[in-house]
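A quick write-up on the structure given underneath.
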Amino acid sequence: MSDMLPIYVAFSTNDTYIPYLDVCLRSLIDYADKEKDYHVFILYSTIIAENIQKIKELEQKNISISFINVQSSLSKAQEDTFFINNHLTIETYFRFFLPDIFPQLDKILYLDCDMLIQKDIAELYQTNIDGFYLGATRDLGIVLGLHKTKEKNVKYYTQTLNLTNPYDYFQAGCLLFNLKEMRKDKIPQLLIEKLKQIKTPMFHDQCILNAVCKDKIFFVPQNWNFTWHIYIVESQWEKYLGKTYCEIYSNAKENPYIIHYTGGQIKPINYPQLSESKKFWKYALQSSYYDILWEQLINIYNTKIQNAIKETSRLIKYKILGKILIGPLKKKYKQKYLYLYQKLTG
């Protein structure tokens, strides 16, 4: 479409995360420059044809979307190497192979699906990362954890991952890959070798990327990867981040170019009242997967209501027993009542 160099973007997903990918792509398209060409690649293992078709419907004159089945080219030995648990699946490791999947490209931007874009990603893509493997942001959740536990876990980062500075540990959800540099140094092979060595990394592929790519990371503004879970799960985040990192995080929170809905199950469907969630639902309302996302939200609130009813019933029970019983049992149920009351009222 234009004489300007195209922007290449990659995602990894499966059928479970397709609704989030749909929302993310809608926001990407909304902020994309109409005079630039964007080539989006979706890496996957198994996705039903209906979902592929729905995502393909988002294509525009300057936005192309292609699906690449990565698992079909993986060996059994490679698959057996991947450490998977909790909410992470095999797709999270596909970013390891980007230099080999795209031998014709020098650069690609990798994004997680659970993101909302609020600025043209062309600006990030055009960042000069010559001489570096990756452009990334620091993982301020790790910084907070190190400060909060008084660096109790620093041994893992400095010895297991062999990082020069654990505070330079980066977040792998938004990565600008220098594919040419990584191919030259055979980084995909080194990533697999490191995974075989560590076996059960604390934060899966992210730890492996940090261990292998350390010291060749170009840090981009934190605004490009605002990890929202920090202020949700830690009320004292300002204290634990420390002055310097608090200012960096506060700036990203106030003006996020990309909102990253990090934190496992901490998603917009769990916290629809937050401003970042309202931005998500703006695009979700336009999505082909709106019904699915809405059903998930309703199910979560039904569960919360049922749990609240059970807890309230227990509270009443403990209060009554604390009044009618005598001796040690009276004291026991009074204590149980006070504990549960404080838990429910915060």
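The values are calculated or read from the model by the stated rules, or taken from the named source; none is laboratory data. No experiment lies behind these values; they were computed from the predicted model shown. Because the Cβ atoms are built from the backbone with ideal geometry, glycine has one as well, and the counts that use them run over all protein chains shown. When the accessible area is computed, the model is the full protein with side chains, heavy atoms only, and any ligands, DNA or RNA have been set aside. Shrake-Rupley method; radii C 1.70, N 1.55, O 1.52, S 1.80 Å.
Cross-link reach is defined here as a Cα-Cα straight distance under 16 Å, omitting same-chain residues fewer than 8 places apart; for LYS54 the aspartates and glutamates meeting it are ASP15, ASP22, ASP291. Heavy-atom accessible area with a 1.4 Å probe sorts THR158, THR200, THR137, largest first, into THR200, THR158, THR137.
Measuring with a 1.4 angstrom probe and ignoring ligands and nucleic acids, MET202 comes out at about 90 Å² accessible. The H on the amide N of TYR8, modeled in the peptide plane, is under 5 Å from the matching H of HIS39, LEU109, each at least 5 residues off or on a different chain. Once all protein chains are placed together, GLU238 keeps about 110 Å² accessible to a 1.4 angstrom probe.
Amide H contacts of LYS36 (H built 1.01 Å from N, in plane; Pro and chain starts excluded): no residue 5 or more places away or on another chain comes under 5 Å.
For the chain, DSSP calls about 40 percent of its internal beta bridges antiparallel. The accessible-area ordering, largest first, of the residues ARG314, ARG95, ARG26 stands as ARG314, ARG26, ARG95, per a 1.4 angstrom probe. Ordering HIS204, HIS147 by accessible surface, largest first, gives HIS147, HIS204; the 1.4 Å probe counts only protein heavy atoms, with every chain in place. Leaving out same-chain residues fewer than 8 places away, which lysines sit with a Cα under 22 Å from that of LYS336? Within the straight-line cut-off, LYS336 pairs with LYS304, LYS310, LYS317, LYS319, LYS323. Share of carbon and sulfur in the accessible area of the chain stands at 52%, probe radius 1.4 Å. Across the alpha-carbon atoms of the stretch 296-346, the computed radius of gyration and Dmax are 13.7, 47 angstrom. Here the alpha carbons of the chain define both size measures, Rg and Dmax, at 22.9, 85 Å. A 1.4 Å probe run over the protein chains yields, for the chain, 49 Å² of accessible area per residue, whole-number rounding. Counting only lysines at least 8 places from LYS214 when in the same chain, those with an alpha carbon closer than 22 Å to its own are LYS107, LYS152, LYS155, LYS180, LYS184, LYS186, LYS194, LYS196, LYS199. Couplings for the stretch 204-219, taken from phi via the Karplus curve 6.51 cos²θ - 1.76 cosθ + 1.60 with θ = phi - 60°, read 6, 4, 4, 5, 5, 4, 5, 5, 8, 9, 3, 6, 10, 10, 9, 7 Hz in order; Gly and Pro are left as x. Per-residue 3J(HN,Hα) values for the stretch 28-35, derived from phi via the Karplus relation 6.51 cos²θ - 1.76 cosθ + 1.60 with θ = phi - 60°, read 4, 5, 4, 9, 5, 6, 5, 8 Hz in sequence order (x marks Gly and Pro).
Shown for the stretch 201-301 is the translational diffusion coefficient from the Stokes-Einstein equation, using the Kirkwood radius over Cα pairs, a temperature of 37 °C and a viscosity of 0.692 mPa s: 210 µm²/s. Here the sum of -39500 (n - 2.57) over DSSP H runs of 4 or more residues, divided by the residues of the chain, equals -14000 deg cm²/dmol at 222 nm, to the nearest 500. Taking amide H positions as modeled 1.01 Å from N, with prolines and chain starts lacking one, the residues under 5 Å from PHE67 and 5 or more places away or on another chain are ILE42. Eigen-decomposition of the gyration tensor built on the alpha-carbon atoms of the stretch 18-59 gives equivalent ellipsoid semi-axes of 21, 11, 9 angstrom, largest listed first. Highest mean packing comes first when the peptides 46-57, 281-292 are listed by Cβ atoms within 10 Å, giving 281-292, 46-57.
Where Lys and Arg each count +1 and Asp and Glu each count -1, what net charge lies around GLN104 among other residues with Cβ under 12 Å from its Cβ? Neighbour charge sum, excluding GLN104 itself: +1.
According to the Kirkwood relation over distinct C-alpha pairs, the hydrodynamic radius of the stretch 80-228 is 15.8 Å.
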